[in-house]
Amino acid sequence: GGESGGVPNSSVGGGGGNMSILPCRVYMRHCVLAARSLGPEAEASFLDHTFLSDRVTPLRAHLSRNPSIMEELPPPSLAERYNG
């Protein structure tokens, strides 16, 4: 994660041909909050059935390893749109 080359909060890398791409932290938070607004069943479904680019890691596991994602605030220009 982190900011690099003008692409905020994304990660591309890995050794041995293994490439991982992580979603933008602010946008992930926005999507989780949107799912949460639909109720606990929708939120659970989103967290458990949406996977990272590795096609193995559900968002719930990724968020449990990176809880600060849910504290990530959008830039002021997007705060209203992204539930800031």
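Any read-out appearing in this document is the output of simple, stated calculations on the displayed coordinates, not a laboratory observation. Keep in mind the model is a prediction, meaning the values are calculated, not measured.
Answer rounded, prolate or oblate for the stretch 15-84, using the Cα gyration tensor with square roots of eigenvalues a ≥ b ≥ c: rounded when a/c is under 1.5, else prolate when a/b is larger than b/c, else oblate. Verdict is oblate for the stretch 15-84. Extension gain for T57-A44 works out to 3.2 nm (0.36 nm per residue, less the C-alpha to C-alpha distance).
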